[in-house]
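The values are calculated or read from the model by the stated rules, or taken from the named source; none is laboratory data. These figures come from a predicted structure and were not determined experimentally. For neighbour counting, all protein chains shown are included, and Cβ atoms are generated from backbone atoms with ideal geometry for every residue, glycine included.
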Amino acid sequence: MAGEPQADCLFCKIVSGDVPATVVKETDTTVAFRDINPQAPTHVLVIPRVHYPDAASLAVAEPQIAADVLREAAEVAAQDKVDAGGYRIVFNTGSGAGQTVFHAHAHVLGGRGLNWPPG
Ligand code: 5GP
Ligand code: ZN
């Protein structure tokens, strides 16, 4: 069924606790944890507990949960005190854009200057 955990999905395993992560915030619908290979002083991933391959398919199937992910991204930025200085929310979508884990996730990057456009 759509949204069900996938046995071969790393982020489903983080949701279930089978793979450890440094969790910084949880809600009924989302989990936020530090990226294992941080690209900025704050680099947190916010994921829905349900499995969808990318942010757009999550938004179509579960718009409220997609909104939860966005809200939690902002909450994490505030919790890490990078909101005043500016931060970036990124949804890499497709391998050509650098997506490597096909479970929807928002990158929250902050705590340093961020160039535009990104590479
Ligand atoms: P993507 O490249 O799909 O947009 O983002 C996937 C992110 O997941 C990468 O930034 C990568 O560093 C991170 N990542 C990959 N494996 C793990 C892991 O086991 N634990 C954590 N916390 N992050 C991971
Ligand atoms: Zn998954």
Search result, residues across region 18-31 that are surrounded by 11 or more Cβ atoms within 10 Å (Cβ to Cβ) and either acidic (Asp, Glu) or touching a residue at least 60 places away in the same chain (Cβ under 8 Å) (or both) = Glu26
task = State which residue pairs qualify: first residue farther than 20 Å from Asp35 by Cβ and in contact (Cβ under 8 Å) with a residue 12 or more places away in the chain and inside region 1-14, second residue surrounded by 10 or more Cβ atoms within 10 Å (Cβ to Cβ) and among the aromatic types (Phe, Trp, Tyr) in any location, beta carbons under 7 Å apart, and separation of 6 or more residues or different chains.
result = Gly3/Tyr52
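A quick yes/no check of all residues on (1) within 13 Å of ligand 1 (Cβ to nearest atom); (2) within 16 Å of Ala104 (Cα to Cα); (3) at pLDDT 95 or above; (4) hydrophobic (A, V, I, L, M, F, W, C):
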site: Lys13; (1), (2), (3), (4): yes, yes, yes, no
site: Val31; (1), (2), (3), (4): yes, yes, yes, yes
site: Asp35; (1), (2), (3), (4): yes, yes, yes, no
site: Ala40; (1), (2), (3), (4): yes, no, yes, yes
site: Pro48; (1), (2), (3), (4): no, yes, yes, no
site: Ala56; (1), (2), (3), (4): no, yes, yes, yes
site: Pro63; (1), (2), (3), (4): no, yes, yes, no
site: Ala66; (1), (2), (3), (4): no, yes, yes, yes
key: Positions within region 70-119 being free of Cβ contacts under 8 Å to residues at least 12 places away in the same chain and not in a helix (DSSP H, G or I), in sequence order   = Lys81, Ala84, Gly98, Thr100, Gly113, Asn115, Trp116, Pro117, Gly119
